[in-house]
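Take a look at the structure set out below.
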Amino acid sequence: LVWRATHTPDDRLFSVYNAKGAVIASLTCHQLHQKAERLGSLLQEKGNVKPGSVVAIMFMPGIEMVCAFYACLYIAAIPVLVRPPQQPRSSLLGVGGSSAGNTGTSTSGGSGGSGGIFGGSSLDLSASRSSLEPSPPPAQICFADSVTMAWNVVSSSQAVVCLTQASIIKLIKSKEAANRIPVVNWPLLLDYDETWRKKLTTVYQPHSPDIEVAYLDFTPSTTGTLTGVEVTHSVASALCRAQKMQCEFYPARELVLSLEPYSGLSASLWLLTSIYCGHHSILVPPHVTEVAPDLWLTLCSQRRIREAFCSYATIKLATIYSSKMISSMKLKEVTLENLRSLVIVSEERPRVNLTSLFTKMFAAVNLNPRVVSTSFGCRANLAMCLQCQRPE
C-alpha cells in the first residue's frame, strides 16, 4: 500500500454501491494510505495499542473496515474482523414468496451455523445440520445472538481495543445488548469517525514475515466451535500472489464482490487482493444485495466485468427472485456474456442443486454455465479450489 500510494496515488482501489446503483464511497491508493495513517495514530495514542496487540475491527462491510485493517498493519497491531451486532432489518427474504419464508423457518434456531455467520457461535449445532443447511442471512439473526457472536470473537482473540463506529457503540451499550454482555466486559471502544488529524511518523515493515502475524481469521466450524487461525505476512502475500496468477488480476481489471468479508477467502478478496494486485474492486455489501438482489449482476453487465465473486446467500437470493429479476434485466438489456469467471466462495458444503438452478435460470441473460465454479478452503489453505474456470 505504501508503494502504491507513492507510485500510483490516484488509482482507484474500491467503490461501494448502494441499492440504487450509485457509488456512495470510493478509495484511491493515496486516500487509503492517509486514512490508515490517521487511524493508526488514533489507535496508538487513544487506544494505547502496542506492537503485537490484537485490535477488533467491527464494521459493516465497506471501505471503513479496509482503512481500519491497514491502520493496524501500519502500527504492527494484529487485526481481527468481527461481524458487528445489529438489529434485524427487513429484507426481501422476509417479505418475499413462500421460498423466502421457508428459508427463515428452516434456519431459525441455528443462527451460528456453517460459516455464513462469521462473528462466532453460541448455539448448539450438530455437524450434519450446520453443514447441510444454508446460514441465515443477516436480516434474520436476532439482536441478542448477534451481540454474543461478536463478543465470542472479541474475547477469544483477547482484543485490547474495538475500533468501530458510533452507531455500533450505541448498540453495544443499549439495554438489550447489556443484558447479554455487560458493557464493562468489552474492551475499549474507539469511534472510527472521531476527528483525528495526527499522522504516524513511521509505518511498520515486517522484519520476519514468516513468523510475524498479519491478522487473525476466526470462523465457526461445522460443529459450531469457534476457531481462530493466525495468518502471517508471508501467508497473506502468498495467498494474494496465488490469486493474482490464477485469476489473472492486473491493475487494469475490475471485479465485483458480493459476499460477507469476515473470514477466509472472502476477507482476503475484500481487504488484501486489490492492494496487492492493483485492480479495482466493486463492492456490493450483503445488506445491499438483500434489498437489490439483481444489482451485482447488473453491474457485471454495465461495466463488462470479466470476474465476479459471490456467496451462496447471493446466489440463493438471485434464484428466489429470478422470475422478476430476469424480466427486468431483459428490459434493461442486461447481458452476462462478458463474464468469464463467476466464483462462488463457499463457507459450507457445495450446494450443487442451487448452483445448477442458478446457471439454468440465468442462461436467459447469456450466462455461460462453464464460467461458474465454487471455491472452498480449510484453515491451512483458504483458496484450496480457486479455479476461475474459463469458457471454451
(Q) When you check F249 against the structure, is it among the aromatic types (F, W, Y), in a loop (DSSP other than H, G, I, E, B) and either touching a residue at least 12 places away in the same chain (Cβ under 8 Å) or under 19 Å from L216 (Cβ atoms) (or both), yes or no? (A) yes
Q: Would you mention how many residues in the stretch 295-350 are assigned to a loop (DSSP other than H, G, I, E, B), in contact (Cβ under 8 Å) with a residue 40 or more places away in the chain and out of contact with any Asp or Glu (no Cβ under 9 Å at 6 or more places or on another chain)?
A: 1
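Take the residues in the stretch 322-367 that are of a type in the set (S, T, N, Q) and buried (at least 19 other Cβ atoms within 10 Å of the Cβ), then tell me which one is farthest from the chain's Cα centre (by Cα). Working first, answer last.
Here is the first cut: in the stretch 322-367, the residues of a type in the set (S, T, N, Q) are 322-323, 327-328, 335, 338, 341, 346, 353, 355-356, 359, 366.
Keeping just the survivors that are buried (at least 19 other Cβ atoms within 10 Å of the Cβ) gives 322, 341, 346, 355.
Details: S322: 24, S341: 19, S346: 13, T355: 21 Å.
Ranking the candidates gives S322 first.
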**Q.** Matching strands (runs of 3 or more DSSP E) fully within the stretch 1-58 where at least 2 residues are of a type in the set (S, T, Y) and more than 27 Å from E230 (Cα to Cα)
**A.** 12-17, 23-28
Q | Sole exception among (1) at pLDDT 90 or above; (2) in a loop (DSSP other than H, G, I, E, B) for L163, by number | A | (2)
Q: Output the residue which, of all residues in the stretch 182-228 that are hydroxyl-bearing (S, T, Y), modelled with pLDDT of 85 or more and within 30 Å of E347 (Cα to Cα), is surrounded by the most Cβ atoms within 10 Å (Cβ to Cβ).
A: Y215
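In the set L239, L265, L255, which member is in a helix (DSSP H, G or I), closer than 23 Å to A5 by Cα and in contact (Cβ under 8 Å) with a residue 40 or more places away in the chain? Write out each step before concluding.
Details: L265 fails: closer than 23 Å to A5 by Cα; L255 fails: in a helix (DSSP H, G or I).
Going through L239, L265, L255 in turn, just one is in a helix (DSSP H, G or I), closer than 23 Å to A5 by Cα and in contact (Cβ under 8 Å) with a residue 40 or more places away in the chain: L239.
Collect the residues in the stretch 230-241 that are surrounded by 15 or more Cβ atoms within 10 Å (Cβ to Cβ) and within 13 Å of T273 (Cβ to Cβ), keeping them in residue-number order.
Here is the first cut: in the stretch 230-241, the ones surrounded by 15 or more Cβ atoms within 10 Å (Cβ to Cβ) are 231-237, 239-240.
The answer is A236, S237, L239, C240.
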(Q) All but one of (1) farther than 14 Å from I344 by Cβ; (2) over 15 Å from the mean Cα position of the chain (by Cα); (3) not aromatic (F, W, Y) hold for E307; state the number of the condition that does not hold. (A) (1)
Q. Tell me, which residue of the stretch 173-198 that is in contact (Cβ under 8 Å) with a residue 40 or more places away in the chain, within 14 Å of A56 (Cα to Cα) and not in a loop (DSSP other than H, G, I, E, B) is farthest from the chain's Cα centre (by Cα)?
A. L188
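Could we say that Y215 is hydroxyl-bearing (S, T, Y) and in a strand (DSSP E or B) here? Write out each step before concluding.
Details: hydroxyl-bearing (S, T, Y): yes; in a strand (DSSP E or B): yes.
So Y215 passes the test.
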(Q) Going by what's in this entry, would P285 be described as over 17 Å from V372 (Cα atoms), touching a residue at least 60 places away in the same chain (Cβ under 8 Å) and surrounded by fewer than 24 Cβ atoms within 10 Å (Cβ to Cβ)? (A) yes
Q) Which of (1) closer than 25 Å to R253 by Cα; (2) crowded, with 16+ Cβ neighbours inside 10 Å does R304 not meet, given it meets every other one? A) (2)
Q | Scope the stretch 59-84; condition crowded, with 24+ Cβ neighbours inside 10 Å, under 15 Å from the mean Cα position of the chain (by Cα) and in a loop (DSSP other than H, G, I, E, B); matching residues | A | P61, R83, P84
Q: Please verify whether the stretch 259-267 includes one or more residues that are at pLDDT below 95, over 29 Å from L73 (Cβ atoms) and touching a Pro at 6+ places or on another chain (Cβ under 9 Å).
A: no
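The values are calculated or read from the model by the stated rules, or taken from the named source; none is laboratory data. These numbers were taken from a predicted model, which means no experiment stands behind them. Neighbour counts are summed over all protein chains in view; Cβ atoms, including those assigned to glycine, are modelled from backbone coordinates with ideal geometry.
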